[in-house]
Each structure stands twice: as structure tokens, then as C-alpha cells.
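**Q** Let me begin by handing over the structure; questions about it come next.
Any read-out appearing in this document is the output of simple, stated calculations on the displayed coordinates, not a laboratory observation. Every value quoted in this text rests on a predicted model; they were computed, and no experiment measured them. Every residue, glycine as well, gets a Cβ built from its backbone with ideal geometry; the counts of neighbours run over all protein chains shown.
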Ligand code: SF4
């Protein structure tokens, strides 16, 4: 009958960024069977020689038959709660070739999308896996340019995207353009209804007063288009600049710095709304007055 050989080995746990923490592993016939804290160093250790609860799971973790020891590839492109990702084991060569191929193709199209966000994201481990474990891989990814790197979770520093909870609608130029178009359509609607079709259109297409009249008509058309552009950019520029200011102050002086500027931006918003409506009124009243020396003014 063979006698089992038991020994205690002093080593350390480095499962997470909070380590390394010294511990003792009981090994029986070359198989780790038990983890213990190393109380012998309690005077020298900030945690009194104790390892945390995660370290006690190292035995199960090491010998788990489902432990992953190589790269996996997803074979089912469909994503969802009930979808089986269909992971299959692949060789390191295949994994590295696949990654290199994808990186090269993204690099050739540009590393960021049209909103400026990186198209490549890499996430490393969980529970604050020490970045040392990654070797030079993060440095290689960083050398590519703008890449979203997430190191661990919880204890680690996680890169993230800033997604504002509420965003002013007028910081989107499509919104201000739509408002400008609606305002100018209404201005001309009022012009047509008050002056009648021939009189209002005659301001823009004018053959009666010779080449000068015709040229003035062209200038009128350009000026109407310029009104749409100026409406769009005035509102967009003011509100967008305000949002940038709030964001900058939020970073410089979190929570407190933003408060006075919130009031200021509210005031700017009210003023811009007033300017927009007053200009629409002025343009509408101009559109309801016919041109021409002898015409009646309404
Ligand atoms: S898992 Fe626990 S014992 Fe291991 S390094 Fe992290 S904190 Fe220390």
C-alpha cells in the first residue's frame, strides 16, 4: 500500500489586482487539495496574513474539467438570450490569425466610426485581473491608435463611453434644420395666403421689371435660402456650445462646477427660443408685404 505524500507549499495568490497575497497550499501526491491563509506573516501583512474568499476557490478553479485552456471561437452569429453562441475550441495560431485579419481590415477602413468611437474594443478578464498578465498585448493594441480597452471589472479601471442620459434635441443639427425649414415654409405659406400666389411668387421670379428685376428676384431666392441656413446654425451653434461648456465644467469641477452654467444655459435657451420666434415673425411680416414701388403695403 502506497503512503500518500502530503506537503504544504508556501506560495501566493495573484488572481486579482489586489494581490499578490501570500498563502499556503496543501498538496497531496502532487494535487493541490486545500488553501490556507498564511498566518505566520500576520505581523507583516496588511490583511493579517489572510487571503480573501476567492483564493479558496483556486483548487476547484484549477481542476475544473470545464476550465478553458485555449481560445474559443463563436460560431453562431445570432445573438440573444436563447441563442447558443456555439463556441468551439480553436488553436492559438487560428485565433491570432483571425484577430490580425480583423484588425487589418478595420485599420484599412479607419479605426473610428462616424461618431468618433473606436470600432475595436478589447476587454481583459474580470474581477480586476492584473494587467501584468496581459504582457505586451495592451501596448500593441494601444499602438494601433484609438482602441477601447477595458481592464477587468469592479476593482479594475474600466474604459467606457460617455452616454448622456438626457441630451438637448437642438444639439442635433437635423433638428434645427427641420425647425428652420418648417418656419420658412410657414413664412411663405403666410406670404401666399395674404398676397396671393402671383404677387408673392413675383418677388422671386420677376420678368416684368427687366434684367434688374429678374436679378433682384434671384437675390431674393438666395436670401430665403440663407435664412434657413442662418436659422439652423444659430440655434445649433448656441445650444451645442452650451452642451460642450457643461461637459467641460462637469469634468473640471464634477457636480458643483456645472450648477451655475445650468442656469446660464437655461437662460441662453430661453433667449434663443425668443430670437427664433421673433425672426420668424419678422420674416413672416416681410413676406406678407408685396414688393414694387406702387403696391399696397399690408
Ligand atoms: S483573489 Fe483574494 S487572495 Fe487572491 S490576490 Fe485577489 S484579494 Fe488576494
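**Q** Using only C-alpha atoms and all pairs of different ones, pull out the Kirkwood radius for the range 8-63 in Å with one decimal.
**A** Details: mean 1/r = 0.0879 Å⁻¹.
After inverting the pairwise mean of 1/r, the radius is 11.4 Å.
**Q** Contact order normalised by length for the range 166-298, with contacts defined as Cα pairs under 8 Å and 6 or more residues apart; what percent is it?
**A** Working: 109 pairs, mean separation 47.5, N = 133.
Reported as a whole number, the value is 36 percent.
**Q** To the nearest 0.05, what FRET efficiency results for residue 52 and residue 175 with a Förster distance of 51 Å applied to their C-beta separation? All intermediate terms of the calculation are to be shown ahead of the outcome.
**A** On the way: r = 51 Å, r/R0 = 1.01.
For residue 52 and residue 175, the calculated efficiency is 0.50.
**Q** Next up: Based only on Cα atoms, what Rg/Rh ratio does the range 68-109 have, Rh being taken as Kirkwood's radius? Let's see the in-between values first.
**A** Numbers: Rg = 12.5 Å, Rh = 11.7 Å.
Using only Cα positions, Rg/Rh for the range 68-109 is 1.07.
**Q** Can you show me the helix-derived [θ] at 222 nm for the chain, built from DSSP H runs with n ≥ 4 at -39,500 (n - 2.57) apiece and divided by the number of residues, rounded to the nearest 500. Provide the component values of the computation, followed by the final result.
**A** Values: 8 runs with 137 residues, N = 298.
Here the helix-only value at 222 nm equals -15500 deg cm²/dmol.
**Q** Along Cα→Cβ, 7 Å out, is where each label goes; now give me the distance between the ones at residue 226 and residue 144 in nm to one decimal.
**A** Distance between the two pseudo-spin positions: 4.8 nm.
**Q** Also: Under the classification rounded if a/c is under 1.5, otherwise prolate if a/b is larger than b/c and oblate if not, where does the range 177-298 fall, given a ≥ b ≥ c as square roots of the Cα gyration tensor eigenvalues?
**A** Details: a/c = 4.38, a/b = 2.98, b/c = 1.47.
Taking the square roots of the gyration eigenvalues as a ≥ b ≥ c, the range 177-298 is prolate.
**Q** OK, next. Would you calculate the separation in nanometres between label points at residue 18 and residue 79, each defined as 7 Å from the Cα along the Cα-to-beta-carbon direction?
**A** Result for the modelled spin labels: 3.1 nm.
**Q** Taking a quarter of the surface of the convex hull around the Cα atoms of the chain, what do you get in nm²? Working shown, then result.
**A** Numbers: hull surface 117.7 nm².
The directionally averaged projection comes out at 29.4 nm².
**Q** Next question. Given contacts defined as C-alpha pairs under 8 Å and at least six residues apart, what's the relative contact order of the chain, whole-number percent?
**A** Working: 336 pairs, mean separation 32.1, N = 298.
So the answer I get is 11 percent.
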